[in-house]
Structures are given as C-alpha cells and as structure tokens.
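All remarks here apply to the structure that follows.
The values are calculated or read from the model by the stated rules, or taken from the named source; none is laboratory data. Just so it is clear, the model here is predicted, and its values are computed rather than measured. A quick note on method: Cβ atoms are made from the backbone with ideal geometry, for glycine too, and the neighbour counts reach across all protein chains shown. Heavy atoms of the whole protein, side chains included, go into the accessibility calculation; ligands, DNA and RNA do not. Shrake-Rupley method; radii C 1.70, N 1.55, O 1.52, S 1.80 Å.
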There are 2 protein chains.
Amino acid sequence: MLRSCAPRLRTLGALRGLTGGARPAVGDAGPALLIPQGFSANGVTGSIRLEIPSIRDWTESWSKEIRLLFDQFMKKCEDGSWKRVPSYRYISPQDSKPTKEEGQMSRARIFSRSYDDGLGFEFVMFHNDVEKRTVCFFQGGPHLQGPSGLLHGGALATMIDVTGGVTAVMTGEFVMTANLNINFKRPIPLGSVIVINSQIDKVEGRKFFVSCDVQSVDEKTLYSNATGLFISLDPEKK
Amino acid sequence: MLRSCAPRLRTLGALRGLTGGARPAVGDAGPALLIPQGFSANGVTGSIRLEIPSIRDWTESWSKEIRLLFDQFMKKCEDGSWKRVPSYRYISPQDSKPTKEEGQMSRARIFSRSYDDGLGFEFVMFHNDVEKRTVCFFQGGPHLQGPSGLLHGGALATMIDVTGGVTAVMTGEFVMTANLNINFKRPIPLGSVIVINSQIDKVEGRKFFVSCDVQSVDEKTLYSNATGLFISLDPEKK
C-alpha cells in the first residue's frame, strides 16, 4: 500500500512550497500539474497528465464574506505567522514530462477541484506552523447539494478530509487518510461560507491524530466536528 | 433542525417508490425533480428547481464489469427479493410547481449526480427488504481523483453516506446522517468497480445503526469499512 501511494506523496509534499504575496488575478493561468508517468495502485499502472487551466483559489463566484476572510488572512500572512496553502501550483521535477493517456483517464481531475468555477468546492486554506493548525474557508457551490438547499454530507466529508490531510502534510510528512469520524450536527445551507479549523492533537510514530470543527463565520453555529487519523508513509518511521 | 430537513425527507421518501423492470435506455429522459418551493435551513429560506436531463443509472461509460453486475441483480429483481433503488425519477406532488431561482442556486444539482456521464459518481443500488441491506455498484469516474490514479477518500465517503442513508430510508423512515466513521484500508484505483454492502445492524428509537463494507468485485480486497448513524426525523418517534 505504501508503494502504491508514492505518487500522492510527491503531490501532497508539494504543498510545502507555500505561496504568499498578492491575491492571484481572476483567471490567472497556472501551470499544468503533471503527475506520475509511472504509478502503481493495487497492481494498476498508468500515468496521468493534468492540465490545470487556472488557479482556483479565487473566482468571481466567491461571496463578499469569503473574500473578506481571504483578505484578512492574506494580511496575517505578511508577518509570516500564517501562510496560504497553494492548491495546484506545482510541477514535480520527476513528473515534468508530459504523457498521453487514452480514454477516460485522460480526463482525470483532482476531485476537490473538478468543477467549473463557482459550481463546486470553492475554498482557500491558510496554515499556522507554530500552532500546527489549518483554517479552511469553504463556500459550497450549487453542484454540491444534498437535501434541497443544503450541502451534501459527502461534500463536507471531502473538505474535512482535505483540510485534515493538509494539516498533517504541513508538518513535512507524506500522509494518507486512515480514518475519518465525522459528527454532522446541523445542516449547512448550500452556498454559505463555513470555516473548517483543523489541528494536530497528537503524533505517535507514524500516526497523526487530527481534529476538525466546522463552524459558521460568526462562530455561533457548530455544524460538525470530526477526528482524522493520517498515516505517514515515510518508510523510515515506525 | 428537524424542520429544516423536511424537504430532504420528502425527497428521500421518494426512494420508496421503487422501480423494477427493464434497464433504462441510454439517454432515457427522466422527469424534472422539483424540490421545495419554500424550505428553511438554519434560517435560510429559498427554493430550487432541478431539471434532471436523464436517468443516470446506466451510461455508455460503464465498464463491462459493472454492466454484468447490473444485469445479475436485475435478474434477482424478477422474483421480488431485490429491488433496484431509483435515483431521481420523482416529483413530489407538493413540490410540483416550478419555481425560478436567481443566480447560482438555479444551477443546483444533487452532488452524487452532478457530473456529466462517465466523469463522476457512476453507480446503481439494489435493496433487499427482508435482509434489510443494500448493495451499491460504484465506478468512480476520472473527476473523482485523489492521489494520482486513485479514488479520493471524500468521494468514497460520499458513496458510503449515500448507500448507508438509502439503507435506512428503505425502512420507510425519513433520516439524516448524524455520524460516519470510516476506515480507509486500501487505496481504490480510479475507474475500477467496487461493491458497497450496507446493512442495518440495530434500531433504537429514532436511531438507525448501519454498517458498510467496501470490497472489490471478487471480494478479495477489503478497501474500507464504516459505520453510520442515521436519525429518523419522524416527530412522533422518540
């Protein structure tokens, strides 16, 4: 299993190359994300080239609320205490040769970034190294509907997985999710902005124990809380 | 919270109107799914009209493997022991008046059916009333990628939520998800067919305790197991 996840490791590891500075322009063209020419997953081998048409951390579809939060945290980045977590601005040197996949796999996209602007997972994350915590501002688009007018539980689970995973990855480890335990406490209106706070509670060998809570921007409503167990794939760790 | 979920209740309750019979034709046009003209979710009120362009339980993008499983279970439906769970062929009488939403909400889609054919959540479910269990055949499309070449954990969590929820709903109750506890044991190759088995382990008042396992078609690989707690929203239950 460890070997089969090696490509992910390189991809997640790229998150360590944090970006700060100015807000990206709308439609700012990012580079292609090229991931493994040869990977192995449960005996399946292949390769995928992902063309990333734009940086998706900022779109016209963002509400005023999430833009304000974005601006607030970009200011916090100025003294280095917080850093914006990039989404896909990365080409791994070993993965930089383009490859051509046939069929459906040529259309592969990272799930949390697979929708056109404004329709799906709109989010940005910031990380605080000292506090070992990550905050994610998330605005669920109209294609993430569960019950009518409400965010689907699976979409929330996805964002908890992503935010928790990033929190562990930001320690410098390559990780994979081993467990998610999520309490859904209140329904989340579709299109509203929510705040996912994630922190590392404990590290035991290769195990990173992470907790998350999901709140409204005014912190008056706790929508969900969760724990996650992420496993380092460093073969030298026990 | 109960009141805010009433629209979901009507939608999920529609699943009880099971379909059997012939496989739907590719591109078979289904009716629009109209959901609430007036709903309330945490103080947010609004309405959404969903146009469902086609029945998505069968597409050209399905692999031979999932088509064979589909055919096998359609045969099992002939004696009534199993029934195919419909996806969206429903218009609630109270929700049948079309409404017009402005902006993003006019583009609302059910998350698990929000992708174009072949790209996202391709699945079909069958339910056995006597055994109180549901089986879901799921082929994750290329837009559900997590680590390169692998299914995203959030996409799997979504399908576990949907399958577990359906298992509880099929008892005739309206439910919402209160907890999901998911162990990710092995990575799932993107595009492969997996089998999600879900059953009700226990019912205590309004609480439905459901368990799921996620396996390869040959049952040799256990990818994940999970438990779910679903709460009946019947106000007369304690």
Worksheet item: In debye to the nearest 20, how big a dipole does the stretch B:125-186 give about its Cα centre with +1 on each Lys and Arg Cβ and -1 on each Asp and Glu Cβ?
Response: 260
Discussion item. Tell me the net charge near B:V203. Cut-off is 11 Å between Cβ atoms, B:V203 excluded, with +1 for each Lys or Arg and -1 for each Asp or Glu.
Written reply: +2
Worksheet item: Per the Cauchy relation, a quarter of the hull surface: what is the mean projected area of the convex hull of the alpha carbons in the stretch B:154-238, in nm²?
Response: 5.5
Response to the item:
Per the charge dipole of the stretch A:105-235 (beta-carbon charges, Lys/Arg positive, Asp/Glu negative, Cα centre), the residue among A:V193, A:L144, A:T171 reaching farthest to the positive end is A:L144
Practice prompt. Name the residues whose placed amide hydrogens come within less than 5 Å of the amide hydrogen of A:T221, ignoring near sequence neighbours (fewer than 5 apart) on the same chain.
Written response: A:S216
Worksheet item: Quick one: which of A:K202/B:K202; A:K83/A:K220; A:K75/A:K185; A:K237/B:K185 span more than 29 angstrom between C-alpha atoms?
Response: A:K202/B:K202; A:K75/A:K185
Worksheet item: Expressed as cubic angstrom per residue, what is the convex hull volume of the alpha carbon set of the stretch A:96-238?
Response: 146
Item to complete: Ignoring ligands, DNA and RNA and using a 1.4 Å probe, state the total buried accessible area between B and A in Å², rounded to the nearest 100.
Response: 4700
Discussion item. Below 8 Å, C-alpha to C-alpha, sequence gap of six or more: please give me the relative contact order for the stretch B:102-215 in percent.
Written reply: 26
Fill in: Solvent-accessible area lost in complex, 50 Å² minimum, residues of the stretch B:144-165 relative to chain alone, 1.4 Å
B:Q145, B:P147, B:S148, B:H152
Response to the item:
Loop-resident GluC sites (Glu not before Pro) in the stretch B:157-238 with no more than 15 other Cβ atoms inside 10 Å, DSSP not H/G/I/E/B, are B:E219, B:E236
Worksheet item: Given label points at 7 Å from Cα along Cα→Cβ, what nm distances, shortest first, separate B:E204 from the same residue in every other copy?
Response: 2.5
Item to complete: May I ask you to report, in nm to one decimal and beginning with the shortest, the distances from B:D129 to the same position in the other copies, taking label points 7 Å along Cα-to-Cβ?
Response: 6.2
Fill in: Values of log10 I(q)/I(0), in the order q = 0.18, 0.25, 0.29, 0.32 Å⁻¹, for the stretch A:123-173 under a Debye, Cα-only, solvent-free model
-0.61, -0.90, -1.07, -1.21
Discussion item. Placing the label point 7 Å from Cα along the Cα-to-Cβ direction, what are the distances from B:G172 to the equivalent spots in the other copies, shortest first, in nm to one decimal?
Written reply: 6.1
